[in-house]
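Below is one structure, written out as structure tokens; comments come after it.
The values are calculated or read from the model by the stated rules, or taken from the named source; none is laboratory data. What you are looking at is a predicted structure, and each value in this text was computed from that prediction instead of being measured. Cβ placement follows ideal geometry from the backbone for every residue including glycine, while neighbour counts extend to all protein chains displayed.
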Amino acid sequence: MDGEMDIMISTVDGPKYYFYDPKTKEFVLNEKWGFYVWKLNKPEKQILTIPDGDPYKGKVYLYDLKKTSSINLREIINYD
């Protein structure tokens, strides 16, 4: 959501996200992101994850990117 091109690769161990760093002109692996993105709220800069495990009872996380960089997320909601 910073306007740069980013890459997500789906693997057997979960998704791998690479963020483009315009300073180094390289893609950097973000090891903190181990979830699949379900919905994006671009105006509010928020990400809602796909539920863990059971789609009806699994945990869903909402991350707010306004006060942190795209690499360091802050969990703001945890649904059961």
Subset of segment 30-58 [surrounded by 13 or more Cβ atoms within 10 Å (Cβ to Cβ) and under 14 Å from ILE7 (Cα atoms)]: ASN30, TRP33, PHE35, TYR36, VAL37
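Would you point out which residue out of TYR20, TYR36, TYR79 is hydroxyl-bearing (Ser, Thr, Tyr) and modelled with pLDDT of 85 or more? Outline the logic, then answer.
Values: TYR36 fails: modelled with pLDDT of 85 or more; TYR79 fails: modelled with pLDDT of 85 or more.
Step by step, each of TYR20, TYR36, TYR79 is checked, and only TYR20 is hydroxyl-bearing (Ser, Thr, Tyr) and modelled with pLDDT of 85 or more.
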Segment 13-44, residues that are in a strand (DSSP E or B), more than 13 Å from LEU62 (Cα to Cα) and of a type in the set (S, T, N, Q): ASN30
Residue among TYR56, TYR63 that alone is at pLDDT below 85 and not in a loop (DSSP other than H, G, I, E, B): TYR63
